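Data block below; observations after.
The values are calculated or read from the model by the stated rules, or taken from the named source; none is laboratory data. The structure presented is a predicted model; accordingly, all values stated were derived computationally and were not measured. Note: ideal-geometry Cβ built from the backbone for every residue, glycine included; neighbour counts use all protein chains shown. For the accessible areas, the whole protein counts, side chains as well, though only heavy atoms, and no ligand, DNA or RNA atoms are used. Shrake-Rupley method; radii C 1.70, N 1.55, O 1.52, S 1.80 Å.
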Amino acid sequence: MTVVALSGGVGGAKLVDGLARVLAPDELTVIINTGDDFRHLGLWISPDIDSVLYALAGLSDPLRGWGRRDESWKFMEAIRGLGGPDWFMLGDSDLAMHVQRTHRLSEGSSLTQVTAGIARVLGVRARLLPMSDDPIATQLQTDEGWLNFQDYFVRRRCLPAIRDIRFDGAATARAQPEALEALADSQLRLVVICPSNPFLSVEPILAIPAIRAALTRCAAPIVAVTPIIGGQAVKGPTAKIMQELGLEISGEAVARRYAGLIDAFIVDQSDPAPAAMEGVRFIKAQTRMDRTQDREELARAVLAGAAHGKKSGTI
């Protein structure tokens, strides 16, 4: 039996790590957001792919929540000294990842092939797939005009108010073929939507028509995990975006965002039970993942959420 996870960066990567710890290596496929990929200093940066790679390889920085542990910053000091752009931090070890990726892409490899090669070298045995090998760019309409994702997220530190979000190139992008195969696999047990930012990490994946169609046809149950606990995002601008878009800041509001696609939604055990929602079963669990044990326990709760099957009262 196999499991497919849809993931963005930090929060999603934690649950992916938990799933990888409780499943056999050949049971887990991860479809990863690439909407925040971009070129910087001539290098191709894939932040969410790297977050998942680092988490599964045991290389994540537990303090910053992004990048590699035990990082050094000589490169950034040198760039700053030369008057170069220093708004996007590239650690010395992390820089090697981007150089290697860019080198392989320049030789003609696809992003899927590059990711698989790096995963293999790092000892990551789960199958990691970018949502597409075609470029897709998350762009945000703000009170300062349209901004590319990294300009909003890093350069402007999520300060501009968001009015709208679009995923440039998604409508015509080709879904990663292995991702579609995984979603159509007769042995598929469960699809997990990780507790990543719904707007910036999950919806770029769902914006690819073939992936959304495959999820709609999927015979396995689809279970999503809340990124909101106690009216606040565990990390990142999810709560701020919800407020700016006029949405209630709650797990229930995220579940409504996924309504029609999911069969179950996991809310944090500390939050009140959401109102009934047609076709969606709510499950309570500890969703904060501060420790490795927390990741494993949430992964088991997610797997248990698949036990009752598909939609409309059968979960």
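Only one of (1) of a type outside the set (Gly, Ala, Ser); (2) free of Cβ contacts under 8 Å to residues at least 40 places away in the same chain; (3) under 23 Å from GLY11 (Cβ atoms) is not met by LEU180, so which one is it?
(3)
Being in contact (Cβ under 8 Å) with a residue 24 or more places away in the chain and either of a type in the set (Ser, Thr, Tyr) or open to solvent by 70 Å² or more (accessible area, probe 1.4 Å) (or both) is the requirement here; does ARG174 meet it?
It is true that ARG174 is in contact (Cβ under 8 Å) with a residue 24 or more places away in the chain and either of a type in the set (Ser, Thr, Tyr) or open to solvent by 70 Å² or more (accessible area, probe 1.4 Å) (or both).
Taking into account only those residues within region 220-234 that are touching a Pro at 6+ places or on another chain (Cβ under 9 Å) and either open to solvent by less than 10 Å² (accessible area, probe 1.4 Å) or within 22 Å of ARG166 (Cα to Cα) (or both), which is modelled with the lowest pLDDT?
Among residues in region 220-234 that are touching a Pro at 6+ places or on another chain (Cβ under 9 Å) and either open to solvent by less than 10 Å² (accessible area, probe 1.4 Å) or within 22 Å of ARG166 (Cα to Cα) (or both), the one modelled with the lowest pLDDT is ALA233.
Of the numbered conditions (1) assigned to a helix (DSSP H, G or I); (2) in contact with a Phe, Trp or Tyr (Cβ under 7 Å, 6 or more places away or on another chain), ALA116 fails exactly one; give the number of that condition.
Only one criterion is unmet by ALA116, namely (2).
Residues in region 158-169: is at least one crowded, with 18+ Cβ neighbours inside 10 Å, in contact with a helix residue (DSSP H, G or I) (Cβ under 6 Å, 6 or more places away or on another chain), under 27 Å from LEU28 (Cα atoms) and touching a residue at least 40 places away in the same chain (Cβ under 8 Å)?
There is at least one residue in region 158-169 that is crowded, with 18+ Cβ neighbours inside 10 Å, in contact with a helix residue (DSSP H, G or I) (Cβ under 6 Å, 6 or more places away or on another chain), under 27 Å from LEU28 (Cα atoms) and touching a residue at least 40 places away in the same chain (Cβ under 8 Å).
Can you name the condition, by its number, that TYR258 falls short on among (1) without any contact (Cβ under 8 Å) to a residue 60 or more places away in the chain; (2) open to solvent by less than 20 Å² (accessible area, probe 1.4 Å)?
Among (1) without any contact (Cβ under 8 Å) to a residue 60 or more places away in the chain; (2) open to solvent by less than 20 Å² (accessible area, probe 1.4 Å), TYR258 violates only (1).
Being open to solvent by less than 30 Å² (accessible area, probe 1.4 Å) and not in a helix (DSSP H, G or I): is that true of VAL124 here?
In short, yes.
Can you find even one residue in region 283-297 that is open to solvent by less than 30 Å² (accessible area, probe 1.4 Å), more than 20 Å from LEU19 (Cβ to Cβ) and assigned to a strand (DSSP E or B)?
no
Would you check if there is a residue in region 127-139 being surrounded by 21 or more Cβ atoms within 10 Å (Cβ to Cβ) and more than 17 Å from the chain's Cα centre (by Cα)?
The answer is no, given that none of the residues of region 127-139 is surrounded by 21 or more Cβ atoms within 10 Å (Cβ to Cβ) and more than 17 Å from the chain's Cα centre (by Cα).
Out of the residues in region 253-282 meeting the condition of being among the aliphatic types (A, V, I, L, M) and assigned to a loop (DSSP other than H, G, I, E, B), tell me which one is modelled with the lowest pLDDT.
Only one residue tops the list, namely ALA273.
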